[in-house]
Every structure is written in structure tokens, then in C-alpha cells.
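Reviewing the structure listed below.
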């Protein structure tokens, strides 16, 4: 069902529309989540991915099921981009037994190892060493798989980032570190958290090659990940992508946003929005009519996912007790 | 039986398991060409190659996470901390990642990791950052099993069981007995996780030992001689606790002492007492007693260190106190 794209190389209507649809799915999914959260059907910690869709979709489009992705607390977009499993994600958010983690994990802990999705993470920077481990396992087993670690600029100030980059370079492991610099670590702006936000410089300190990417342009992301993949799959060691983007939503849930209106306005313009951006790059391949059609399709799929989740049973306490309580 | 040290017994266990299962690999500081600072992995890199015996930089968080990620992908890492104290810098990877991912994934990922805490112990004047027994931390976090072998035989048998277990097992060693020759069975054997051992039968007082304290209690029992009939039980596994063995013994003696090297407060001894009270209150003839290190970081000077860690005299005193307790 999922179309492998390499959109820059093919540039076909089918490829562009498929990429657009996957970004749109994430956008509308997150909007539904916000709505359901307000309505009390989804609870807990919810970190929305709106505005960053081009990174998840651009990166995951280039990967195989056998490649690994390690996500973050803001991971719905990564999960959908890697697995396409809208129903499993929605059911997980509603705490149902049919959720992708059987209702045991929730928003920050979606898993689908069979499709290479190795989990979100509630600890900032906590997933980077795990991704290093999957890269190690790929090399150990002699497979051609790569391991992708998504993290934010906030996590780049954790020791795990530096330790993992050093180790990956030392052992020449197939790790692709994808920094999503969305300019905020919770409420702390990048200027207040990061002495130099140029991640390529940090990578250079560990002999790791890097590219700086416009994270709101899926074609730019796509080109970069393909370069990273040829480097890493050739056994040349890790690679870092420094994707510049912006977290359009507040840090968590539906808390009030204290960021300046002028700043928010800039990132909400069509020029910045990854969806509009892709359409404007391919007006002939992606007409308004086609976009409207995709909207309908996505909304129908999301309706089905919400229905599926609502009708799904909650996990059984007896079964949980049997399996997990010692 | 053959004579070998605790270190040699573990080395043999590693070699046998690596031979048996190609998914087993070793990772830690200095474990490769030099065979580790304790010589615990000597010869393994030569035998199994540097692909399976991975020396690392001093980056405990990263290499712990590496082991975890590799385990999620089907490998069976044996992860090594040079001293148990060094685990503190990797606690997120251990407690938030390794212990929790199997549950958070709804059982979709497994964490078959053996986490070796090398060089644990007191009494060798290594000061406060090289003297901690932190078993209670890991027993407190759901998701781990915790074992503390006190003999060469158990070191080998429990290490093999730990490596084969699909759960993360915290394997706590003791440096005071690393190089002492003991008798170990020849050929293939394992020691089951979760089973205590009645080392010596007795009828007056039950003494449960945690890890290395077994040696001190044996010395105390020898000094006491016929004055008290002690039933000595080596807990071996501190999570899950083998309560049945403890309670069966308590049914005979009515008196119980627990001895640990760790600080007494909130330790495994406290947990054993809690469960003894909850599950065997009627068996008790007197209050249970716990001996552990005093409530301060371990000081360096021999005079001070000896004053804060459990001593043979203190153990003898408490055993006799329990025996003489009037109902």
C-alpha cells in the first residue's frame, strides 16, 4: 500500500500525492487528537507534531521496514510515517487493547518492531543510545539495515547525544541522527539552551558527517536522507541531519502558548507550512482539486480510526496481571 | 569438581554461553584486549573476536543504551560496569529504558540483558564511590531480576541463567571473593534464579545472607561453635525473593537475622523483614534483625571503614542476642 517514492528522483504525480497524503494524515491526526483530548477521550501527556510533518515523512519515506526508527516524546508523526498504522495509534491514545502497544504505553510509547518502529521515549535524549544499539545489532548481524534516531535540539544538550555520536563514529555504526531543531525545549528557546545551534559543528567534533536541512521542505529532507543513507549503507559510519523547523503547537497538551504572536505568525504562513510548500512546488502534479480529494480520503480514514478505537475493548486487568505483575 | 576462582568461573560461563549462542556478546570498559580490569573477560576477545567482545569509551549511558537497543533487535548482551558505583551515571538507560520498554511496548520488545556489576564490595579501602551495594535500587524498580552470587559455583551457574533469561538480570559480584579458589562442578550446569540455598541446617536462629555477607556469617558461625545452632541461608537472588525457603526455616527457629553489606536503611533486609512480618508473623518468637552498613557514605580510613561495615563480631553478637531472646 505504501509507495516508495524518492520524490526528487521520480517527481511523479503518484509520488508527490502519496507524500502529501502522508503529511496530511499526520496533520489531521494531530488535530483530531487535540479535539479528543479536549473532549476527555484522550488523556495523559500529548505532544503534537504539527508543523514538523516534512521531517518524519521525508525521512521514513526513504526507509525500509527492516530499518529502525527510534522516536521521541513527540512521536505520533514518526509512528504514522514509519508504519502507516492510524488505527493502532488512535487506539493506543485511547488506552485500548488494540493499540499499537496494547494500551500499555500511550502517546510517548508507541511500538511496532515488525515495521521497524522501536518506540517513542518519555526521556529527552533517552532514545539515542537505543538507536545506537539497533545500529550495532544491524552491523553485528551483517544486515544492511540502518537505525534512525529522531531527537530535538533540546536532546542535543544531553550527554547521551554526545556519547552516542562518539561511539557510533568509533565503531562505524549505521546510525542516522536526525535532529529536529524546532526551536523550543518545552518553553526554553534554542538561544537559551544551546551555545551553538549548528549541529553540523557538533557532528564534526566526532568525525561525523552532517547536512543542514530545511525541515519544512519535504524535498530537501528527502534529498538529505538519501545522501545520508548511501553514506551509512556503504559502511562509512554515522550521519547527522540538522533539520531546522518550528514547533507550531505548545509543548504539551493544550497548555497556553506564551510565545510572541509575531513569531507564531511567521511559522503559520503558507510559505513555511510543509503541506502548502509541497503543493506550491508541484502545482501541476498537486492541484487544489486533488488536495480536496486527499482531504476527504484522509478524513474518512481518520473517522474509521476513531470509530475503531472507540469500539475497541480496554485491556483486561487479569491478563495484564498475569503477564506483568510479579 | 574442580578448583577455580569466582573470576575464572564467570569467565568460563561467558565462554560457554558465547559458544552456545552466537547472539551473546560482551560490552564494557576495557573488556576487549586486556580482558577487563578484573581479568574477568581474559582470553575472550582472542577466542571470539573483537566483534563480540566490545571495549568502550567511558560512556556508561551510551553503552548501556547500546546494549538495550541491541537486545530489542534480538541480541543477548552481557553488559559490564567496572564498579557497581559507576552504574549511577547510566540509571536512565537502566531504569527508564531497559526496565520499562518490555511493558510499555505491550510485550512487543524483550530485554534479554545481563548487567554485570563488577567489583562490588566493601572492606578494601576504596572509599565512598567504590564501595556501594546498590541491589535495593534495582529490586525497587519493577522489570529487573537481581542476583548476588557469593561463591564461584553460584557465580558460574547464575551467570549462565542470567544470560539465558529473557528479562534484564542485574548480576552483582563481589571483589572480596574474586580470586579465592573454590570447588566448582565440572561440565554443564546452571543455578536457577529465584532460589535461595540452605547452606547449613540449624534449629536456633535463621540467618539469611545477601551476597558477600555469607563469608562473614560463616566466619561468625565458626567462632560461635556449639553455642548456637544457626540455619544459614544464602538468598542468592534478591529479586524475586525466595520467601518460602526463609519462612520454612523461620518455622523451625522463630528467630531471623538478615545480613547485608549495603546500608541498612531501605535495603533488601528491610524488604525481607516486611515480608516475614506480613507472611510469617505467627512464626516469629522475637523481632527480626537486620545488619548492614551504617547510614553514612563509606569512609576511607581503615579504622573508620571497619566501624561502619558489618563485622564478624557484630554478627556474632546479634546471633547470640536472638538466641537468648526470652519469649
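With contacts defined as alpha carbon pairs under 8 Å and 6 or more residues apart, what's the relative contact order of region B:100-251 in percent?
Relative contact order of region B:100-251: 26 percent.
Determine how many Å³ per residue the convex hull of the Cα atoms of region B:255-327 encloses.
Values: hull volume 5.5 nm³, N = 73.
It is 75 Å³ per residue.
Along the Cα-to-Cβ line of residue A:45, 7 Å from the Cα, sits a label point; which residues in region B:66-94 have backbone N less than 15 Å from it?
B:92-93
If each residue of separation counts as 0.36 nm, what is the full-extension length gain between residue A:303 and residue A:234 once their alpha-carbon separation is subtracted?
Values: separation 69, 0.36 × 69 = 24.84 nm, distance 4.28 nm.
Length gained between residue A:303 and residue A:234: 20.6 nm.
Using R₀ = 51 Å, calculate the FRET efficiency as 1/(1 + (r/R₀)^6) where r is the Cβ-Cβ separation of residue B:227 and residue A:172; round to 0.05. Show your work: numbers first, answer last.
Values: r = 65 Å, r/R0 = 1.27.
My answer for the efficiency is 0.20.
Run the helix sum for chain B: -39,500 (n - 2.57) per DSSP H stretch of 4+ residues, divided by residue count, reported at 222 nm to the nearest 500 deg cm²/dmol.
After summing the helix terms and dividing by the residues of chain B, the value is -10000 deg cm²/dmol.
From the mean inverse distance of alpha carbon pairs (Kirkwood) and the Cα radius of gyration, derive Rg over Rh for region B:2-184. Intermediate results must be reported in sequence, preceding the final value.
On the way: Rg = 15.1 Å, Rh = 16.1 Å.
Rg/Rh for region B:2-184 comes to 0.94.
What list do you get for A:266, A:176 if you sort them by fewest beta carbons within 10 Å?
Values: A:266 12, A:176 28.
The most exposed by this proxy come first: A:266, A:176.
Quick one: give the max-minus-min coordinate of the C-alpha atoms of chain B along each principal axis, largest first, in Å.
Each principal axis gives a Cα extent; for chain B these are 62, 42, 40 Å.
What's the exposure ranking of B:113, B:272, going from fewest to most Cβ atoms within 10 Å? Write down the numbers at each step before the final one.
Details: B:113 28, B:272 22.
Ascending number of Cβ neighbours within 10 Å: B:272, B:113.
Antiparallel DSSP bridges in the protein assembly as shown: what percent, to the nearest 5?
Numbers: 12 of 66 bridges.
In the protein assembly as shown, DSSP labels about 20 percent of beta bridges as antiparallel.
Which residues does the label zone of residue A:284 cover in region A:10-40, counting backbone N under 12 Å from a point 7 Å along Cα→Cβ?
What the label zone holds, given the 12 Å backbone N cut-off, is A:12-13.
Can you work out D for region A:70-229 in µm² s⁻¹ from Stokes-Einstein, where Rh is the Kirkwood radius over C-alpha pairs, the temperature is 20 °C and the viscosity is 1.002 mPa s?
Calculated translational D: 131 µm²/s.
Over region B:178-260, calculate the relative contact order: mean separation of alpha carbon pairs under 8 Å at least 6 apart, over the residue count, as a percent.
44
Ratio of region B:176-270's C-alpha Rg to 2.2 N^0.38 Å, to two decimals?
1.12
Rounded to the nearest 5, what % of DSSP beta bridges with both residues in chain A are antiparallel?
Taking every DSSP beta bridge within chain A, about 10 percent pair in antiparallel fashion.
Which whole-number percent is the relative contact order of region A:7-324 (Cα, under 8 Å, 6+ apart)?
After rounding, I find 23 percent.
Determine one quarter of the surface area of the Cα convex hull of chain A, which equals its mean projected area, and express it in nm² to one decimal.
16.9
Helix B:243-253: angle to the longest alpha-carbon principal axis of chain B, degrees 0 to 90, nearest 10?
Between helix and principal axis, roughly 20 degrees.
Label residue A:326 and residue B:140 with points 7 Å out from Cα along Cα→Cβ: what is the distance between them in nm?
The answer from the label model is 1.7 nm.
For the protein assembly as shown, what is the Kirkwood estimate of the hydrodynamic radius, computed as the reciprocal of the mean inverse distance between distinct Cα atoms, to one decimal in Å? Walk me through the numbers before you get to the answer.
On the way: mean 1/r = 0.0374 Å⁻¹.
After inverting the pairwise mean of 1/r, the radius is 26.8 Å.
Would you mind ranking A:325, B:221, A:55 by Cβ crowding within 10 Å, fewest neighbours first?
Fewest-to-most Cβ neighbours within 10 Å comes out as A:325, B:221, A:55.
Using Cα centres only, tell me the gap between region B:47-101 and region A:288-310 in whole Å.
43
At 25 °C and a viscosity of 0.890 mPa s, what translational diffusion coefficient does Stokes-Einstein give for region B:197-324, taking Rh as the Kirkwood radius over Cα pairs? Give it in µm²/s as a whole number.
Result for D is 169 µm²/s.
Tilt of helix B:312-324 relative to the longest C-alpha principal axis of chain B, in degrees (0 to 90, nearest 10)?
50
For helix B:6-20, report the angle its Cα long axis makes with the longest principal axis of the Cα atoms of chain B; keep it between 0 and 90° and round to the nearest 10°.
Result, in degrees: 40.
Could you tell me the center-to-center distance, by alpha carbons, between region A:34-105 and region A:152-175 in angstrom?
About 24 Å separates the Cα centre of region A:34-105 from the one of region A:152-175.
No lab work stands behind these numbers, since they all come straight from the coordinates. Given the structure is predicted, the values throughout are model-derived calculations rather than measurements. Ideal geometry is used to build each Cβ from the backbone, glycine not excepted, and the neighbour counts take in all protein chains shown.
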